[in-house]
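Some notes on the structure that comes next.
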Amino acid sequence: MISFMHIAKNVKVTELSLYEDAILDACCHNIPADDELWYRVVEVSVLLLTCTQRSNPRSPWYDRVLSEMLGHLERQPLNKERRVAWLTLIGPVFDSMGLFLLAHFRLLFSLFFQWIHADDDRTVLLVLERIHTVIKLTWIRKSPYTSRLVNELVLLYKESATRKSREMMRNHIVEILMLLQKCKGQQFEEAWKKHEADLDLTLLLSRFKELCTEDGSPETGILNVDSCLA
């Protein structure tokens, strides 16, 4: 892995293209590495993948590498070191894949929904950042995960009351809800209606209304904020 890192940082992309299939195949085979090597494996794989495939989201290597990583994480969802390393480093791959992330929603959201309630604040914050990125890149409207996502965000908002990183978590949650609102999905509207009368969400609704005003978005409609605050 150290050799691959040296190659990725010092060899020209045009020269790498001659060996990219062999190199990326080796990266895939190294994904089940031991814990002490996992961070380096993910770091090298992300660097080499984005370096050789650049912004070609149709490349089968994006699909294969991400599938290998997600499959491995699915088998060890409670491994804190692995999930933190992956969440920290995977951003460039998400950015390069864009809409093609839709093909991986099942595993992505399965892991996100498990990790969003993790005991450590770092995992939770990283998950919220990645969820925001995925929504921004795919601009989801109709998805079987929208309702579950809203419910999990609301639950996390309540749980965050006892967290050290409470304010950061709640800011991320509001940002994600704002993004979901802009998608104007009917699923989001229906999911939110279940929480409109929840008195524990007064602060969340107030903050959302404030951001809607600043953003110039309507304050009624999908979230029906005024009726929630009445």
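Some values worked out for this structure:
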quantity: In region 27-83, residue farthest from Val124 (Cα to Cα) [restricted to those that are acidic (Asp, Glu) and modelled with pLDDT of 90 or more]; calculated: Asp63
quantity: In region 104-128, residue farthest from Arg163 (Cα to Cα) [restricted to those that are among the aliphatic types (A, V, I, L, M) and assigned to a loop (DSSP other than H, G, I, E, B)]; calculated: Ile116
quantity: Test for Pro92: is it outside any helix (DSSP H, G or I) and either touching a helix residue (DSSP H, G or I) at 6+ places or on another chain (Cβ under 8 Å) or not aliphatic (A, V, I, L, M) (or both); calculated: no
quantity: In region 133-151, the residues that are crowded, with 20+ Cβ neighbours inside 10 Å and either over 14 Å from the mean Cα position of the chain (by Cα) or on the phi > 0 side of the Ramachandran plot (or both); calculated: Val150
quantity: Among the candidates Leu223, Leu155, Leu203, residue that is in a helix (DSSP H, G or I), modelled with pLDDT under 90 and not aromatic (Phe, Trp, Tyr); calculated: Leu203
quantity: Sole exception among (1) buried (at least 19 other Cβ atoms within 10 Å of the Cβ); (2) outside any helix (DSSP H, G or I) for Leu101, by number; calculated: (2)
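The values are calculated or read from the model by the stated rules, or taken from the named source; none is laboratory data. Keep in mind that what you see is a predicted model, and the values were worked out from it rather than measured. Every residue, glycine as well, gets a Cβ built from its backbone with ideal geometry; the counts of neighbours run over all protein chains shown.
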